[in-house]
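What follows is a short report on a single structure.
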Amino acid sequence: MSIEKGKISSQQLLFLIAGFVHGSVLLIDFTVGITEHQTWMVILAGLVITVPVIVSYVALAKRFPGMNLVQINDMVYGRFLGKIISIYYIFFFMMTLSFNIRDVGELYITFLMQDTPFIFLLIVFTATCAFAVAKGVEVLARTSHLFVVTGLFAIISTFILLIDQMDFSNFLPLFELPFIKIFQGIHIVSVIPFGETVVFLMIMGCLNKTEHAVKNTLSGLLVGAVSLFIVAIRNTAVLGRTQTIWTSASFQSIRLINIGTVLTRMDFLIGIAQTILMFLKCSIFLYVTVVAISQLFGLKSYLPLVLPLAGIEVILAATVFQSPVDHATITQNAGIIYSVPLIFVFPPLSLLIAKIRGLPKPERGKGT
Amino acid sequence: MIYLLLIYACIFIINVPGLVKRKEWRELAVFSIFYVIAFALGLMYVLDKPIPSPMKGLQHLIVDILGIEYPQG
Amino acid sequence: MGKKMNFRIMKLIICFFMLPVLSGCLGARQINDLEIVIGMGVDKEEESGNVLLTAQVVKVDMSGGGAANARGGGGEDSEGYWNVSSKGKSIFEAVRQITHKTGNRLFISHNQAVIFGNDVATEGLQAYIDFFLRAHEMRPTALILVSEKKASEVLDAKPETEKYPAMNIAKLVKTYGFTSHFYEVNMEDFASCMMSDTMAPLAPLVSIVQENDCKEIYISGMAAFKNGKMVGTLNHDEARGVLWVLGKVKSGVIIVPSPNKQGEAILEIIKAKSKVKPGIKDGKIVMHIEIKNEVSLSEQTTTEKLATIEALEKIQEATSEVIRQEVMAAFEKSKDLKADIFGFGEMLHKKYSKEWKSIKDNWDEIYPTIELNIDIESKIIKTDLLKKPVSQNKEEK
């Protein structure tokens with residue numbers, strides 16, 4: 001019944017989620033322009049808000065063992081409505097994947113390799129993701145260990161190297177900004193790094209043992225959240241007022257590392273670390289998209305769809321926004337609004353309906 | 001332009017013979033749909049034809065029609 | 001068997017074809033295509049009002065040996081650097097115009113210092129600083145300085161012990177700790193101050209002294225800016241006053257009259273710390289400044305024996321008095337210039353955020369009414385190698 005033949009252990013799930021949230025480290029620049037020196041609060045609040053929602057995801061996956069999101073939707077909402085909701089999810093996956101691929105391209109084109117044509121970067125990156133996806137989720141899970149360790153090392157070492165340039169009075173005054181901005185910041189943070197873990201509803205069907213799933217999922221989320229928190233604190237302490245004007249506050253603070261005139265110009269190292277983390281995130285997204293579409297059409301295997309979908313994504317990533325300015329404006333407004341139902345409403349609703357209707361029924365396939 | 005054709009030829013070669021041999025017609029059908037979409041998009045990109053961006057449409061829908069927006073500050 | 005071989009060969013061929021594609025980026029530039037810039041100066045041209053940009057470019061001698069050999073050969077006309085200048089309506093335009101003279105694009109990643117001429121600074125740096133922050137090759141750790149006259153002259157002054165004027169300037173600024181008469185300001189700090197509503201940024205001021213045909217540059221103090229425009233300068237003592245309050249003093253010299261008023265005691269600053277607490281009392285803003293420092297007796301011009309506890313205490317008081325005067329001088333100057341160079345506004349903002357909203361609009365009028373409550377504690381911790389001064393033992397035994 002399930003498309004994916006591989007199985008992952010729940011500890012691998014931990015690393016997958018941690019790596020996934022890590023990949024969003026540079027994406028908090030979306031909130032920094034809005035919440036300035038209160039970004040750390042916003043991250044904590046976002047974490048608190050998303051934890052119950054994520055627990056509901058795991059509960060849903062435990063209730064429907066071995067099934068992924070599309071199958072669950074079919075069972076809970078009936079064939080027709082379930083497919084509509086799955087299409088909504090697929091739209092979300094495809095769009096967000098194109099944003100993330102585009103982010104990697106923008107990272108290179110703004111900071112590291114300015115003259116390389118945009119589309120080549122996208123093609124190379126997406127081709128690598130496609131290759132990883134074709135290998136299967138087990139491979140992704142195994143390599144996520146390495147990526148998470150790399151990411152943690154990069155974040156902690158940059159923090160330590162910048163300690164002497166930190167000025168902790170930059171965090172005062174504590175509650176200065178109007179609440180609507182904080183609310184928008186919380187909205188962004190709970191959707192972009194944390195809420196995107198809804199994609200794991202497609203992967204949790206592959207767990208081979210579901211006892212510790214909740215604990216491992218929350219631990220993975222916590223590891224990722226702590227990294228984001230450290231990055232937010234580092235940026236605010238080092239840059240202070242100027243963090244709102246730079247395109248990427250993380251990059252700027254890393255450029256300031258200047259120890260003994262030997263350890264300077266570290267920003268390209270961070271570019272590499274960030275690319276690796278985004279690779280993990282995009283591979284997971286691509287995998288989830290491909291499996292969802294295959295499931296929707298009732299295919300036996302998702303492999304043939306990988307490459308065409310990658311091709312669509314590349315073109316989407318190249319054309320969906322005109323410039324980073326567009327990207328930022330749209331993400332801060334419409335982008336997070338349309339994904340709210342998918343992240344906060346549907347999974348808990350599915351859980352509730354499943355509980356009420358007593359799903360899954362062992363003999364009958366779909367509801368009454 | 002050439003790269004586009006090369007890449008899509010490669011995709012075709014990698015995927016189609018296997019599908020045909022295993023007589024997986026359904027998979028071949030879905031694959032063809034997406035393949036054609038991807039190729040069309042790629043062609044439009046290379047020929048510099050404007051590709052409608054779904055996000056712009058969504059932004060228009062949410063902000064202008066439904067009126068939900070955060071104050072720009 | 002044949003199919004497997006085919007597949008493997010195809011994979012090899014694909015890998016082979018990927019090699020040239022993946023092995024580099026299109027933006028790669030070789031060293032002899034680069035013009036490595038180590039210093040930049042921005043001036044205003046008189047007639048047209050355009051920007052005159054001077055870039056100091058390192059000459060890389062490719063024929064065996066490096067730039068050092070170029071010096072040995074020709075005497076004093078072969079230098080390791082070249083000051084190339086160009087004009088444009090904006091800085092980025094001027095940067096690209098330089099390719100009319102050099103043929104290669106400037107590579108500003110190694111830029112040590114950016115010097116703004118006096119005319120540009122008084123007009124307002126807002127229009128000129130954007131390029132240096134936005135350009136991705138530019139480092140935020142580059143230093144920013146203001147020249148007393150023209151920036152291009154500063155870049156021309158050839159130093160004696162350093163090969164390149166720009167490196168020399170950077171070295172001068174970075175070693176501010178020896179006198180603490182100014183401090184180093186990099187792009188990031190300057191931008192941060194400019195973004196603040198009330199804080200006035202400072203930058204070191206470079207002057208040129210003509211001494212028998214040889215131009216020497218030295219840092220003569222600091223320039224104070226308000227809203228991006230240079231409004232005045234601080235001399236060495238006033239600049240040090242600011243540094244006392246900000247806790248940035250590293251080392252320096254303090255001269256106090258000796259207790260018997262017949263000479264002077266000269267002290268070297270070993271360590272200095274400061275703490276500033278803002279306070280609002282009866283509607284007036286009071287700043288409690290606590291400065292603690294340790295000094296050592298480095299020189300005395302009197303024959304009096306100063307190594308007694310009373311004498312030391314008197315000297316300590318005198319030191320504190322000198323420091324207080326420096327701080328007050330700085331404060332008076334800042335009141336004259338109506339510039340908040342200490343950052344008192346930001347400190348108030350952080351502590352009293354509710355009151356700050358009403359204060360910040362009238363900051364210009366409120367600033368001169370600030371009361372400073374200065375508490376200085378100086379300690380003499382050593383007297384170097386002499387216990388008693390060199391003198392004849394007349395009365396005491």
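The values are calculated or read from the model by the stated rules, or taken from the named source; none is laboratory data. What you see is a predicted model, and the numbers here were worked out from it, not measured in a lab. Note: ideal-geometry Cβ built from the backbone for every residue, glycine included; neighbour counts use all protein chains shown.
Worth pointing out:
- In the set (1) away from chain A (no Cβ under 14 Å); (2) modelled with pLDDT under 85, the condition left unmet by C:Phe225 is number (2).
- Qualifying residue in the range A:217-237 (condition: of a type outside the set (Ser, Thr, Tyr), within 14 Å of chain B (Cβ to nearest Cβ), within 17 Å of the chain's Cα centre (by Cα) and surrounded by 19 or more Cβ atoms within 10 Å (Cβ to Cβ)): no
- Boolean, A:Val214 is away from chain C (no Cβ under 14 Å), out of contact with any strand residue (DSSP E or B) (no Cβ under 6 Å at 6 or more places or on another chain), within 25 Å of A:Phe93 (Cβ to Cβ) and at pLDDT 80 or above: yes
- Residue check, C:Ala94 buried (at least 20 other Cβ atoms within 10 Å of the Cβ) and either at negative phi or among the β-branched types (Val, Ile, Thr) (or both): yes
- Of the residues making up the range A:290-302, those that are under 15 Å from A:Gly136 (Cβ atoms), more than 8 Å from every other protein chain (Cβ to nearest Cβ) and in a helix (DSSP H, G or I) are A:Val290, A:Val291.
- Failed criterion for A:Pro52 (all others in (1) free of Cβ contacts under 8 Å to residues at least 60 places away in the same chain; (2) more than 23 Å from A:Leu221 (Cβ to Cβ); (3) surrounded by fewer than 17 Cβ atoms within 10 Å (Cβ to Cβ) hold): (2)
- Search result, residues across the range A:320-332 that are surrounded by fewer than 19 Cβ atoms within 10 Å (Cβ to Cβ) and without any contact (Cβ under 8 Å) to a residue 40 or more places away in the chain: A:Gln322, A:Ser323, A:Val325, A:Asp326, A:Thr329
- For C:Asp33, the requirement of being away from chain A (no Cβ under 14 Å), more than 24 Å from C:Leu133 (Cβ to Cβ) and modelled with pLDDT under 75 is not met.
- Looking only at the range B:22-49, residues that are within 12 Å of A:Leu309 (Cα to Cα) and free of Cβ contacts under 8 Å to residues at least 12 places away in the same chain come to 7 in all.
- Tally, over the range C:306-334, of residues that are basic (Lys, Arg) and touching a helix residue (DSSP H, G or I) at 6+ places or on another chain (Cβ under 7 Å): 1
- Residue within the range A:256-270 that is out of contact with any His (no Cβ under 7 Å at 6 or more places or on another chain), free of Cβ contacts under 8 Å to residues at least 60 places away in the same chain and surrounded by 19 or more Cβ atoms within 10 Å (Cβ to Cβ) present: yes
- Some residue of the range C:270-291 being touching a Leu at 6+ places or on another chain (Cβ under 7 Å) and closer than 30 Å to C:Gln392 by Cβ: no
- Taking the numbered list (1) over 27 Å from C:Gln210 (Cβ atoms); (2) among the acidic types (Asp, Glu); (3) part of a helix (DSSP H, G or I) in turn, C:Glu153 passes all entries but (1).
- Test: residue in the range A:18-31 that is over 19 Å from the mean Cα position of the chain (by Cα), at pLDDT below 85 and either more than 14 Å from chain C (Cβ to nearest Cβ) or surrounded by fewer than 24 Cβ atoms within 10 Å (Cβ to Cβ) (or both): no
- Between C:Glu365, C:Glu299, C:Glu371, C:Glu355, the distinction of being of a type outside the set (S, T, N, Q) and either within 30 Å of C:Gln392 (Cα to Cα) or surrounded by 15 or more Cβ atoms within 10 Å (Cβ to Cβ) (or both) belongs to C:Glu299 only.
- The criterion of being farther than 17 Å from A:Ser294 by Cβ, modelled with pLDDT of 80 or more and surrounded by fewer than 16 Cβ atoms within 10 Å (Cβ to Cβ) does not hold for B:Ala29.
- Residue list for the range C:119-135, restricted to those being part of a helix (DSSP H, G or I) and surrounded by fewer than 20 Cβ atoms within 10 Å (Cβ to Cβ): C:Asp119, C:Thr122, C:Glu123, C:Gln126, C:Ala127, C:Asp130, C:Leu133, C:Arg134
- C:Lys273 meets the conditions (1) free of Cβ contacts under 8 Å to residues at least 60 places away in the same chain; (2) in a helix (DSSP H, G or I) in every case but one. The failed one is (2).
- Against the test of being without any contact (Cβ under 8 Å) to a residue 24 or more places away in the chain and either more than 12 Å from every other protein chain (Cβ to nearest Cβ) or in contact with a strand residue (DSSP E or B) (Cβ under 7 Å, 6 or more places away or on another chain) (or both), the options C:Thr141, C:Thr233, C:Thr175 yield a single qualifying residue, C:Thr175.
- In the range C:178-212, the qualifying residues are those that are among the charged types (D, E, K, R) and in a loop (DSSP other than H, G, I, E, B), and the one that is farthest from the other protein chains (Cβ to nearest Cβ) is C:Glu184.
- For the range C:348-397, the set of residues classified as touching a strand residue (DSSP E or B) at 6+ places or on another chain (Cβ under 7 Å) and of a type in the set (Ser, Thr, Tyr) consists of C:Tyr352, C:Tyr367, C:Thr369, C:Ser378, C:Thr383, listed by residue number.
- Restricting A:Ala134, A:Ala141 to those that are in a helix (DSSP H, G or I) and touching a strand residue (DSSP E or B) at 6+ places or on another chain (Cβ under 7 Å) reduces the list to A:Ala141.
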